[in-house]
Amino acid sequence: MSQQQYFHQGSACALPIDNVDTDQIIPKQFLTGISRDGFGAALFYDWRYLDDGAPNPDFVLNQPQFQGVSILVAGHNFGCGSSREHAPWALAQFGFKVVVASSFADIFYRNCINNKLLPAQVSTTDLKRLTAVCEQRAEAIKVDLEQQQLVLSNGEAIPFSIASSDRDQLLDDCDFIGVAEQHLDAIDRYENDRATTVPWFMPLSFTV
Amino acid sequence: MGMTLYEKIYDQHQVAQLNDSTDLLYIDFHFIHEVTSPQAFAGLKQAGRTVRNPVATLATMDHNISTQNRRIDGAGEVSQQQLTALQKHCREFQIPLIDITHRDQGIVHVIGPEQGITQPGMTIVCGDSHTSTHGAFGALAFGIGTSEVEHVLATQTLPQQRAKNMKVQIDGQLPMGVTAKDVILAVIGRIGTAGGSGYVVEYCGSAIESMDMEERMTVCNMTIEMGAKAGLIAPDEVTFSYLQGRPRAPSGDQWQRALARWKTLKSDADAVFDKTVHIDASSIRPQITWGTSPEQVMAVTERVPDPANFPATEQQRSVAKALEYMGLTPGSLLQDYPVDVVFIGSCTNSRLVDLRQAAAVVKGGRVAPHVRALVVPGSAQVKREAEAEGLADVFRAAGFEWREPGCSMCLAMNDDIVPAGKRCVSTSNRNFEGRQGRLARTHLASPAVAASAAIHGYLSTNPLVSGEGLI
Ligand code: SF4
């Protein structure tokens, strides 16, 4: 077990909608910046705010019982669409540490891992159960990454799956690019070989 | 056991194994654009890193620019900030940039192939999900996030896990008036928006073989809309003749060597696919989406579905939600709904073939008085060619706006926005809620169907039935 017993402990809310795309998570009008910050306030913007900019009282994140949630229980195929990494940035900056879904879109999943946001994949049946628990009130959940389970307040454990390499990346403090840099020799060798096998792939100069 | 095309390309690019499931893959070419790159450059600088192979990188401006003019401040101050940041980063790291006024400027997935950069057997990435477009050349091409953009800039590699293989075989002849866009919409309707998750999809069959490169790009472009990592089409004579003579394609001796290698790039006869889907081309009709996900699609002549006819309650709920957003009544015919906006453009359908198909429908007609219609060519080159061929005149004479190249109303980051509650027939790739503007209602369709909607002023009169666009 790593230093702390749980990857995260927090309360959860449900957003039981399938195919939530990254345009919903963070609409394009917020992609015009050049920094990685400031996206939390725009999370789920079109659902979270009314036309006049006031909070939409019907949206889950605006309801008093769900203030301070850090675990999002979503639907099927969460994060589909655009590759924008602004989506996990917005989720993380809002305060989410974990997203639970029955499946994730590939690019979004990878972006989550690279931002230490845990995409926890559970079965469709378990997702239904979990959604039912979180729909009325914020459920306190302990996220055990070692055992790959979500422990509910009544002690019930719901298993989730994650590749071991992804789990390691979430737990490790090491720099993602640094790992590849340990293989610089191999990259050099590969590039040298290619200069003979596929020389036309290697533009020596490229002026535009 | 034989190998699939995907497995061959993957193996040819393996630089190192990082752990049981992850390999370090070499990336041959990296496209970047203004929206998903600034934070990557900031990260590089913060870590004191540099760009490993600037000439294997090409930067372009497309998402955020005005399509009314070629000015860097054309789409306002905020977008200008991103554009000047890109200029600055390209200067600093010596990355070639196709600037906003460059004669080859355009949408990243249009100009890469156009310049001959996209070639069979390559690995290509871009911080943009529609990078799948380049798979039409038998290149392994996929979209990545900004952290990965930074990784590729720094190391020219990316950690990858092997995807599963899916074969989508489409045989037979497409009915008259049915285009590549209808084919891919029908495939997505069949497979679903998550059906391709974890897979690389290889398209094959006689209907694919008889498509030209631009049509193949339309098919591969929307592969991401079924959640697949990438789409692939094995290179053949059509591919080779498209490439020959392009500015960045190999020439002379190199051309012969390249050709010999490219000809080996196909799945072996005994290659094993994890999943195979067969589709009869002759059964495909012109398609249009009715909902807020590309899988919510039907033939233009069908009736809007009734939520009650879906088996699961979740489905019923999501169909009802989509219909409410779209302002459609279950069981109605789309031809009864007036159209407000028609957009012909995007990396899916903004190439010369697309504009020809649309112009064939438009020719001699007038855009209906209540419709605002625009054509946004995918690149400056497409624009020049379309003007030379007289297509621009056809559009302008009919009352279409004829714009400068860019992403435009595909994602509405500039001022090309569909107003709230308005209905748009669009040749782009995503009908997500709010994609073309808050509360905008998007119907995805082919250039021919979109052009027909512009002229008639109503959704989807069927160009197949009315005999329009028979080219
Ligand atoms: S045209 Fe649309 S889908 Fe294509 S790259 Fe631009 S914004 Fe993305």
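The values are calculated or read from the model by the stated rules, or taken from the named source; none is laboratory data. It should be emphasised that the depicted structure is a prediction, and the values quoted were computed from it without experimental measurement. Glycine also receives a Cβ, built like all others from the backbone with ideal geometry; neighbour counts cover every protein chain displayed. These area figures cover heavy atoms from the full protein model, side chains too; ligands, DNA and RNA do not enter into them. Shrake-Rupley method; radii C 1.70, N 1.55, O 1.52, S 1.80 Å.
Things to note:
- Among residues of the range B:326-360 being in a helix (DSSP H, G or I) and in contact with a strand residue (DSSP E or B) (Cβ under 6 Å, 6 or more places away or on another chain), the one that is most open to solvent (accessible area, probe 1.4 Å) is B:335.
- Just one residue in the set B:363, B:321 is farther than 25 Å from residue B:105 by Cβ, open to solvent by 30 Å² or more (accessible area, probe 1.4 Å) and modelled with pLDDT under 95; that residue is B:363.
- Boolean, residue B:444 is within 16 Å of the ligand (Cβ to nearest atom) and part of a helix (DSSP H, G or I): no
- Of all the numbered requirements in (1) within 10 Å of chain A (Cβ to nearest Cβ); (2) crowded, with 23+ Cβ neighbours inside 10 Å, residue B:113 misses one, and that requirement is (1).
- Meets criteria (within 14 Å of chain A (Cβ to nearest Cβ), closer than 30 Å to residue B:132 by Cα and within 16 Å of the ligand (Cβ to nearest atom)) for residue B:318: no
- Residues of the range A:21-43 that turn out to be out of contact with any His (no Cβ under 9 Å at 6 or more places or on another chain) and either within 11 Å of another protein chain (Cβ to nearest Cβ) or among the acidic types (Asp, Glu) (or both), as a count: 9
- Selected residue [touching a residue at least 60 places away in the same chain (Cβ under 8 Å) and either of a type in the set (Gly, Ala, Ser) or within 24 Å of residue B:193 (Cβ to Cβ) (or both)] from A:130, A:171: A:130
- Checking each residue in the range B:15-39 for being away from the ligand (no atom under 16 Å from the Cβ) and more than 9 Å from every other protein chain (Cβ to nearest Cβ) picks out B:17, B:23, B:25, B:27.
- Checklist (1) buried (at least 16 other Cβ atoms within 10 Å of the Cβ); (2) more than 26 Å from residue B:159 (Cβ to Cβ); (3) out of contact with any strand residue (DSSP E or B) (no Cβ under 6 Å at 6 or more places or on another chain); (4) touching a residue at least 60 places away in the same chain (Cβ under 8 Å) applied to residue A:108, failing item: (2)
- Screening B:423, B:396, B:403 for residues that are more than 16 Å from the ligand (Cβ to nearest atom) and either surrounded by fewer than 19 Cβ atoms within 10 Å (Cβ to Cβ) or over 20 Å from residue B:290 (Cβ atoms) (or both) leaves exactly one candidate, B:396.
- All of (1) open to solvent by 10 Å² or more (accessible area, probe 1.4 Å); (2) in contact with a helix residue (DSSP H, G or I) (Cβ under 6 Å, 6 or more places away or on another chain); (3) closer than 26 Å to residue A:80 by Cα; (4) without any contact (Cβ under 8 Å) to a residue 60 or more places away in the chain hold for residue B:313 with one exception: (2).
- Of all residues in the range B:65-110, those that are within 14 Å of the ligand (Cβ to nearest atom) and in contact with a Phe, Trp or Tyr (Cβ under 9 Å, 6 or more places away or on another chain) total 2.
- Inspection of the range A:72-80 finds a residue satisfying the criterion of being over 23 Å from residue B:129 (Cβ atoms), within 17 Å of the chain's Cα centre (by Cα) and modelled with pLDDT of 95 or more.
The rows are residues; the columns are (1) surrounded by fewer than 22 Cβ atoms within 10 Å (Cβ to Cβ); (2) modelled with pLDDT of 95 or more; (3) under 19 Å from residue B:280 (Cα atoms).
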residue	(1), (2), (3)
B:183	no, yes, yes
B:186	no, yes, yes
B:191	no, yes, yes
B:196	no, yes, no
B:204	yes, yes, yes
B:213	yes, yes, no
B:227	no, yes, no
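- With respect to the conditions (1) modelled with pLDDT of 95 or more; (2) open to solvent by 20 Å² or more (accessible area, probe 1.4 Å), residue B:223 falls short on a single one, namely (2).
- Residue B:159 being more than 17 Å from residue B:35 (Cα to Cα) and at the interface with another protein chain (Cβ under 8 Å from one of its Cβ atoms): yes
- In this structure, residue A:153 qualifies as more than 13 Å from chain B (Cβ to nearest Cβ), out of contact with any His (no Cβ under 6 Å at 6 or more places or on another chain) and either of a type in the set (Gly, Ala, Ser) or surrounded by 18 or more Cβ atoms within 10 Å (Cβ to Cβ) (or both).
- Residue B:378 meets each of the listed conditions (1) away from the ligand (no atom under 16 Å from the Cβ); (2) in contact (Cβ under 8 Å) with a residue 24 or more places away in the chain apart from (1).
- Considered as a group, the residues in the range B:126-138 that are facing chain A (nearest Cβ under 10 Å) and more than 11 Å from the chain's Cα centre (by Cα) include one that is nearest to the ligand (Cβ to nearest atom), and that residue is B:126.
- For the range A:1-24, taking the residues that are open to solvent by less than 40 Å² (accessible area, probe 1.4 Å) and acidic (Asp, Glu), the one that is farthest from residue A:105 (Cα to Cα) is identified as A:23.
- Some residue of the range A:132-142 being in contact with a Lys or Arg (Cβ under 8 Å, 6 or more places away or on another chain), in the same structural domain as residue A:102 (by TED's automatic domain parsing) and either farther than 14 Å from residue A:72 by Cα or open to solvent by 20 Å² or more (accessible area, probe 1.4 Å) (or both): no
- Inter-residue pairs, beta-carbon under 8 Å, first facing chain B (nearest Cβ under 8 Å) and in the range A:75-96, second part of a strand (DSSP E or B) and not β-branched (Val, Ile, Thr), 6+ apart: A:75/A:101; A:76/A:101; A:77/A:101; A:77/A:104; A:80/A:21; A:81/A:21; A:82/A:21; A:83/B:143
- Some residue of the range A:139-156 being under 22 Å from residue A:14 (Cα atoms) and in a helix (DSSP H, G or I): no
- Every residue from the range B:415-448 that is hydrophobic (A, V, I, L, M, F, W, C) and closer than 16 Å to residue B:376 by Cα: B:417, B:418, B:424, B:425, B:444, B:445, B:448
- Residue match in the range A:25-47 (condition: in contact with a Cys (Cβ under 6 Å, 6 or more places away or on another chain), of a type in the set (A, V, I, L, M) and either closer than 17 Å to residue A:107 by Cα or open to solvent by less than 10 Å² (accessible area, probe 1.4 Å) (or both)): no
- The helices (runs of 4 or more DSSP H) located wholly in the range B:57-162 that include 3 or more residues which are at pLDDT below 95 occupy B:77-93.
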